[in-house]
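Working notes for the structure below.
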Amino acid sequence: MAFERVGVVGLGTMGAGIAEVFARAGLRVIGVEADAEALARGRGHLERSTGRAVDRGRLTRERQAEILGRVTLTTSREDLRDADLVIEASPEILRYKVSLFEELDRICKPETVLATNTSSLPVTAIAAATGRPGRVVGMHFFNPAPVMKLVEVVGTVVTAPGVVSGIAELAGRLGKTAVAVGDRAGFVVNRLLLPYLNHAAVLVDQGMAGRDDIDAAMKLGVGLPMGPFTLLDLIGLDTAYEVMGVLFDETRDRRHAPAPLLRELVTAGLLGRKSGRGFYGDE
Ligand code: CAA
């Protein structure tokens with residue numbers, strides 16, 4: 001499978017990070033957003049992320065310009081017609097993704113692989129909405145996408161032979177390690193990580209220990225780069241809450257019930273870094 005032109009639909013934190021990863025690896029990227037305002041925000045993400053690398057002496061200005069030059073930004077999904085691969089990184093709403101994939105299926109050439117960056121929604125349901133279910137997979141990146149080395153490649157019972165390995169090979173070209181995972185809620189990483197983060201919210205809610213102490217305990221006692229509340233703020237409390245909801249729906253395991261404190265913070269609009277305040281940000 002030859003992937004040279006890649007479309008990214010949705011240029012929020014994850015989509016913009018994914019676009020950067022592809023452009024850094026020398027591929028041409030078509031970044032799509034719904035309107036001019038969202039497109040400008042996406043451009044801002046790309047410029048800030050590569051700009052930070054320049055400030056740190058990790059990237060020259062020339063190379064930054066080269067990377068940004070490989071990304072074409074557009075509000076027209078029709079511009080994806082010649083893409084070899086399209087990755088969707090839009091909000092985690094199944095009916096929205098299904099209708100988006102129906103449209104991508106109509107627009108893109110028949111050989112195009114359509115991938116979703118969903119954290120937890122069923123890839124099979126998205127694939128089944130298209131006329132090419134064998135060429136629809138999950139390609140799940142981690143936040144921050146330019147830094148984290150893993151990609152989960154999600155195959156379904158109808159994925160065509162060679163598609164998962166083709167996407168895994170592509171991940172290798174991006175400098176990432178791919179793991180093949182089945183289409184079960186949360187895949188591997190979120191299935192294991194999110195219940196731990198959720199449980200941290202339960203413990204703080206019960207007054208068992210404070211936020212800063214729990215973060216320090218897990219960082220220093222386990223050698224993690226971030227404590228659970230810092231990580232929840234990075235992931236986004238809304239995303240964490242949604243993933244827990246999907247895990248609970250599939251498993252009906254009480255331990256997967258979303259923490260009431262998470263729900264409370266999300267309802268109040270405290271989503272973490274993306275909104276400026278979550279578990280942190282009130283100091
Ligand atoms: N975009 C691009 N680059 C970034 C970045 C971002 N948002 N944040 C950090 N970086 C880069 C920095 O530029 C720096 O690069 P250099 O070393 O080349 O200069 C490097 O990452 C390290 O950054 P910092 O020195 O600023 O900070 P740090 O050492 O604390 O590392 C971190 C930051 C990489 C985020 C680290 O704390 C970490 O690995 N945290 C855990 C993140 C994690 O677990 N992510 C997975 C979340 S789960 C998920 O995403 C799945 C889902 O579906 C919900």
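Residues are listed down the side, and each one gets a yes or a no for (1) touching a residue at least 12 places away in the same chain (Cβ under 8 Å); (2) in contact with a Ser or Thr (Cβ under 8 Å, 6 or more places away or on another chain); (3) away from the ligand (no atom under 16 Å from the Cβ):
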| position | (1), (2), (3) |
| --- | --- |
| Ile87 | yes, yes, no |
| Thr112 | yes, no, yes |
| Gly134 | yes, yes, yes |
| His140 | yes, yes, no |
| Asn143 | yes, yes, no |
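Which number in (1) within 19 Å of Val6 (Cβ to Cβ); (2) in a loop (DSSP other than H, G, I, E, B); (3) more than 16 Å from the ligand (Cβ to nearest atom) marks the one condition that Thr156 misses?
All conditions pass for Thr156, except number (1).
Before we move on, is Asp105 within 24 Å of Leu174 (Cα to Cα) and either in the same structural domain as Gly17 (by TED's automatic domain parsing) or exposed (fewer than 14 other Cβ atoms within 10 Å of the Cβ) (or both)?
Criteria not met by Asp105.
So for the stretch 3-19 (the condition being β-branched (Val, Ile, Thr), under 23 Å from Val164 (Cβ atoms) and away from the ligand (no atom under 16 Å from the Cβ)), does at least one residue qualify?
Yes, some residue in the stretch 3-19 is β-branched (Val, Ile, Thr), under 23 Å from Val164 (Cβ atoms) and away from the ligand (no atom under 16 Å from the Cβ).
Give me a count of the residues in the stretch 207-262 that are within 14 Å of the ligand (Cβ to nearest atom) and among the basic types (Lys, Arg).
The qualifying residues number 1.
So that you can scan it fast, the table gives a plain yes or no per residue for (1) surrounded by fewer than 18 Cβ atoms within 10 Å (Cβ to Cβ); (2) part of a loop (DSSP other than H, G, I, E, B); (3) away from the ligand (no atom under 12 Å from the Cβ):
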residue	(1), (2), (3)
Val21	no, no, no
Gly26	yes, yes, yes
Val29	no, no, yes
Gly42	no, no, yes
Arg52	yes, no, no
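Looking at Thr130, Thr124 in this structure, which one is more than 12 Å from the ligand (Cβ to nearest atom), more than 16 Å from Ile30 (Cβ to Cβ), touching a residue at least 12 places away in the same chain (Cβ under 8 Å) and assigned to a helix (DSSP H, G or I)?
One residue alone meets the criteria, Thr124.
The values are calculated or read from the model by the stated rules, or taken from the named source; none is laboratory data. Worth saying up front: this structure is predicted, and the values here are computed from it rather than measured. Using ideal geometry, Cβ is built from the backbone for each residue, glycine included, and neighbour counts are taken over all protein chains shown.
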